[in-house]
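The values are calculated or read from the model by the stated rules, or taken from the named source; none is laboratory data. Treat the numbers as computed from the prediction; the structure is a model and nothing was measured. Cβ: placed from backbone, ideal geometry, glycine included. Neighbour counts: every protein chain shown.
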Amino acid sequence: MDRSVSNKNSALTWKKSVQLVAQSFFRKNRHFSERMEPFGTACALRSAQSSQPAKSRPRTLPNLPKPRFSPIVERLRSIRLNRPLHNHLMHPSDDPPAPLPTMTATNSDPPQDASLAILIVGHGTRKPEGAQQLRQLVEWMRGLEPDWNFFESFLELADPSIEHAMERIAISGLRRVLVVPILLFSAGHAKEDIPQAVADAACERGLEVIGQTPALGTLASVVELSNIRFEELIRRGPIDGCPAGHCSRAGCASDCELRGAALGRVGLAMIGRGTSDTAALEQMRLLTAKCVASRDVHWHETGFFAGGLPHVDTLLEHAADACNAPSGCDTMVLQPHLLFEGELMDQLRHKLRSQRDRHPHVQWLLARPLGVDNALARVFVGFIRTAMA
C-alpha cells in the first residue's frame with residue numbers, strides 16, 4: 001500500500017516538473033508560435049498546390065512574415081549553403097534559385113566520350129552496291145566526328161554481322177556501346193530484332209549497351225531529301241537528263257529520253273518497304289502527305305512492297321487508272337522511300353518496264369532512293385550527340 005502511494009506521488013511529481021519546464025520554456029519563448037506559423041503556412045500552401053493542375057499552380061510562394069530566431073540560430077543562418085533551399089522557401093525574394101545548366105549538344109561543342117563505341121546497324125542487302133552505300137554513309141559520319149569510335153554492321157544479308165562488330169568492339173578495349181540503327185521507321189527491326197541481337201552479343205562479351213537512337217521517321221530533313229529526289233527528276237531531268245539513269249533504264253545518261261521532255265500533269269506513287277507495324281505504316285502515309293504539301297502533283301497515293309495496303313502492284317494499277325482518266329496524269333513518278341540500293345529497287349525497275357510497255361503514252365519515271373547524302377549523315381550524327389548529352 002505504501003509502495004503504491006509512493007509511486008503515485010513520484011508520478012505526480014514528475015508530471016508537475018514537466019509542466020513547470022514547459023511553462024518556463026514558453027514564457028522565455030513567447031514568440032515561439034509566431035516563429036513556427038510561417039512554416040505551417042508554407043507547408044499547407046505546398047500541399048494545396050500539389051493537388052492543383054500544374055499550369056494553375058503559382059510559381060512562387062507569397063511573401064511570408066520573416067520568423068525571428070535566437071542569436072545562435074541567426075548566426076547559423078548567416079552561413080551560405082550551396083543549395084539554400086530552406087532560405088528560398090522562407091524568403092523567396094531574398095535568394096532566387098540559380099537556373100539549371102542545359103545539356104543540349106551543339107555543333108560547336110560536340111560531346112566526346114573516348115570510351116564509347118558507336119555501333120551502326122544497317123538492314124543489309126545481297127546487292128554489294130547497297131552495302132557499300134551504308135559504308136559510305138559511315139564515312140560521311142566519320143568525317144563529321146573523326147574522334148568517335150564507329151563500327152558498322154548489318155542485321156542480315158551482309159557482313160559484318162552485329163555479332164562480328166561487337167567482337168571487334170570487345171577486342172578494341174571499349175566496354176560501352178551506343179546502337180545507331182540506320183532505319184527509316186521504328187518497326188520490328190528497331191523494336192525487337194536489333195535490340196535482341198545486340199543484347200545477346202553484349203552479354204557474351206561483357207559489354208554495356210547504354211541505349212539506341214531513333215529511326216528517321218518523318219523528320220523535316222528526311223522530307224527535304226525526299227523532295228530533292230523528286231525535283232531532280234521533274235525540274236532538272238528535262239534539262240540535264242535523269243540522275244544515274246533512273247528514268248527508264250541503266251546507262252542512259254548519253255541519250256536520256258527524259259532530256260527535253262514535256263512532263264505535263266505529274267502523278268506520284270510513293271512506295272514504302274512495308275511492315276506489320278501499323279504505326280510505321282501510318283508514319284509512311286504521313287511522310288507522303290508532308291512531301292505532297294510542297295509538290296505540284298495532280299494525283300498521289302502510297303503503297304507498300306509488303307505488310308501494308310495497297311500492295312505495290314495494286315498501287316501501279318491505280319497509277320495507270322489515274323493516267324488513263326480524262327484530264328489524267330501525263331507523267332507518273334514512282335518514288336521508293338528506301339535508303340539504299342537493293343533487291344527492292346531491282347524489282348521496281350522491272351515493274352517500271354512492264355508499265356511502260358502496257359501504257360506507252362505515259363512518261364513513267366523512277367526516282368532514286370535517299371542514298372548516300374551528307375544530309376543523312378548529319379541527321380544520324382545529331383541523334384548520337386543527343387544520346388551522348
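Pick from the range 280-301 the residues that are more than 15 Å from Asn227 (Cα to Cα) and either among the aromatic types (Phe, Trp, Tyr) or crowded, with 20+ Cβ neighbours inside 10 Å (or both): which of them is farthest from the chain's Cα centre (by Cα)?
Among those that are more than 15 Å from Asn227 (Cα to Cα) and either among the aromatic types (Phe, Trp, Tyr) or crowded, with 20+ Cβ neighbours inside 10 Å (or both), it is Trp299.
Filter the range 205-241 for residues that are among the acidic types (Asp, Glu) and modelled with pLDDT of 95 or more; which is farthest from the chain's Cα centre (by Cα)? Let's see the steps before the verdict.
If we filter the range 205-241 for residues that are among the acidic types (Asp, Glu), which is where we start, we get 208, 224, 231-232, 240.
Pick out the ones that are also modelled with pLDDT of 95 or more and you get 208, 224.
Numbers: Glu208: 21, Glu224: 18 Å.
Here the residue is Glu208.
Testing Val381 on (1) surrounded by 21 or more Cβ atoms within 10 Å (Cβ to Cβ); (2) part of a helix (DSSP H, G or I); (3) over 22 Å from the mean Cα position of the chain (by Cα), one condition comes back false. Which one is that?
(3)
What are the residue pairs meeting all of these: first residue in the range 204-219, first residue under 19 Å from Arg168 (Cβ atoms), second residue hydrophobic (A, V, I, L, M, F, W, C) and at pLDDT below 95, Cβ atoms under 7 Å, and 6 or more apart or on different chains?
none
Here is a check on your reading of the model: is Gly371 over 23 Å from Val223 (Cβ atoms) and either touching a residue at least 40 places away in the same chain (Cβ under 8 Å) or not in a loop (DSSP other than H, G, I, E, B) (or both)?
Answer is no for this residue.
Kindly provide the set of residues from the range 135-166 that are polar (S, T, N, Q), closer than 21 Å to Glu343 by Cα and out of contact with any Ser or Thr (no Cβ under 7 Å at 6 or more places or on another chain), ordered by number.
Gln136, the sole residue that qualifies.
With the structure loaded, tell me whether Gly217 is surrounded by fewer than 17 Cβ atoms within 10 Å (Cβ to Cβ) and on the phi > 0 side of the Ramachandran plot or whether it fails that test.
yes
Residue check: is Ala289 under 27 Å from Arg235 (Cβ atoms), free of Cβ contacts under 8 Å to residues at least 24 places away in the same chain and outside any loop (DSSP other than H, G, I, E, B)? Even if it seems obvious, please write down each step before you answer.
On the way: under 27 Å from Arg235 (Cβ atoms): yes; free of Cβ contacts under 8 Å to residues at least 24 places away in the same chain: yes; outside any loop (DSSP other than H, G, I, E, B): yes.
So Ala289 passes the test.
Return the only residue of Val179, Val138 being surrounded by 16 or more Cβ atoms within 10 Å (Cβ to Cβ), in a strand (DSSP E or B) and of a type in the set (A, V, I, L, M, F, W, C). Before you say what the answer is, go through the steps one by one.
Working: Val138 fails: in a strand (DSSP E or B).
Only one candidate qualifies: Val179.
In the range 265-284, what count of residues is obtained for those that are closer than 15 Å to Pro336 by Cβ and either assigned to a helix (DSSP H, G or I) or free of Cβ contacts under 8 Å to residues at least 60 places away in the same chain (or both)?
2
Can you tell me how many residues within the range 147-200 are touching a residue at least 40 places away in the same chain (Cβ under 8 Å) and hydroxyl-bearing (Ser, Thr, Tyr)?
Start the filter on the range 147-200 by keeping residues that are touching a residue at least 40 places away in the same chain (Cβ under 8 Å), which leaves 148, 155, 162, 165-166, 169, 172, 174-189, 191, 194, 197-198.
Retained after the next criterion (residues that are hydroxyl-bearing (Ser, Thr, Tyr)): 172, 186.
Here the count works out to 2.
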